[in-house]
Each structure stands twice: as structure tokens, then as C-alpha cells.
Ligand SMILES: [Zn+2]
């Protein structure tokens, strides 16, 4: 399997080349593995999330481990203000009304481990507009730029 076979588009995000992909089964792309067994399971979960929620995309980038080994690392991107923002999917509970659901947090430092200008990427992540609890509209305990608004699921 070659990266071109699964790539929908190539985007430069935080100065880094990301392949926006549609992954099926292959764990080896261009002769480079996608993480380990756990990682691939996580990747399938990420893929499901992206498929079921509008505005998200799954991306891969090549990352060097040690001096000779490469792996593909996956991340989730969210389209905001005409740009792609790296996000971490989190399960969040509102401490005021008890609402719980999925949210996306762009301010997790490990999202930018491979980015050259990490501080700049983190600063702009913190500048993304924050969203509040979808039910009581109070501030959430963790940073979120998107929350799941499917009322039927929580109520
Ligand atoms: Zn709430």
C-alpha cells in the first residue's frame, strides 16, 4: 500500500506535511508501519469518529523514532476558520449540569511534539474560540473548541 492510495489531500498544518487519509485495513504504508497493534485499534476508532462527525478529518504524518526507524502517526484534524486544527478527542462531563459527551481539545501539548515551532502552534491553539456546555452553556473544565450536540443521546 502506498500513501497516495489512501490520501484524499495533502495539507501543511503547523508547517508540517500531513496526509489526509481514508484508511481501510493496511497497517503498512510505503513500507512504514502505522504504530503497533494498539495504535491501529485507536486509529480505527479515530476513523469512526471522523466518519460520523462533520468537519473532521484523519491525517497521517511520518515520524522518526531513534535514528533509523520511521512510523506513521495519526492525528485528528478539525476544520475551523478555513484552517485545519489538530485536536484530541476527549470525554468530558459538565460539572454544573452533568452533561457528558465528546469534546475536542486543541491545547494538548503532545499534539505538537513533531512540530518545529511548537510554542507558536500551542499559542494559536489556545486562541481558537472556546465552546461551552451544549446544555447549560457554562464553561467546561477542559478546553473545548467543539462538543457533541446530540441531545437525544444524553437526554
Ligand atoms: Zn452543563
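The values are calculated or read from the model by the stated rules, or taken from the named source; none is laboratory data. Since the structure is predicted, the reported quantities are computational estimates derived from the model, not experimental observations. Positions of Cβ are generated from backbone atoms using ideal geometry, with glycine treated the same way; all protein chains shown enter the neighbour counts.
Within segment 86-116, the set of residues being touching a helix residue (DSSP H, G or I) at 6+ places or on another chain (Cβ under 7 Å), in contact (Cβ under 8 Å) with a residue 24 or more places away in the chain and either within 16 Å of the ligand (Cβ to nearest atom) or farther than 22 Å from residue 34 by Cβ (or both) comprises 99, 100, 101, 106, 107. Residue 55 fulfils the conditions (1) crowded, with 16+ Cβ neighbours inside 10 Å; (2) within 20 Å of residue 108 (Cα to Cα); (3) more than 16 Å from the ligand (Cβ to nearest atom) except for a single criterion, (1). Would segment 92-113 turn up any residue that is on the phi > 0 side of the Ramachandran plot and in a loop (DSSP other than H, G, I, E, B)? Yes: one or more hits. A residue that is surrounded by 13 or more Cβ atoms within 10 Å (Cβ to Cβ), within 15 Å of residue 104 (Cβ to Cβ) and either out of contact with any helix residue (DSSP H, G or I) (no Cβ under 8 Å at 6 or more places or on another chain) or at pLDDT 85 or above (or both) can be found somewhere in segment 31-48.
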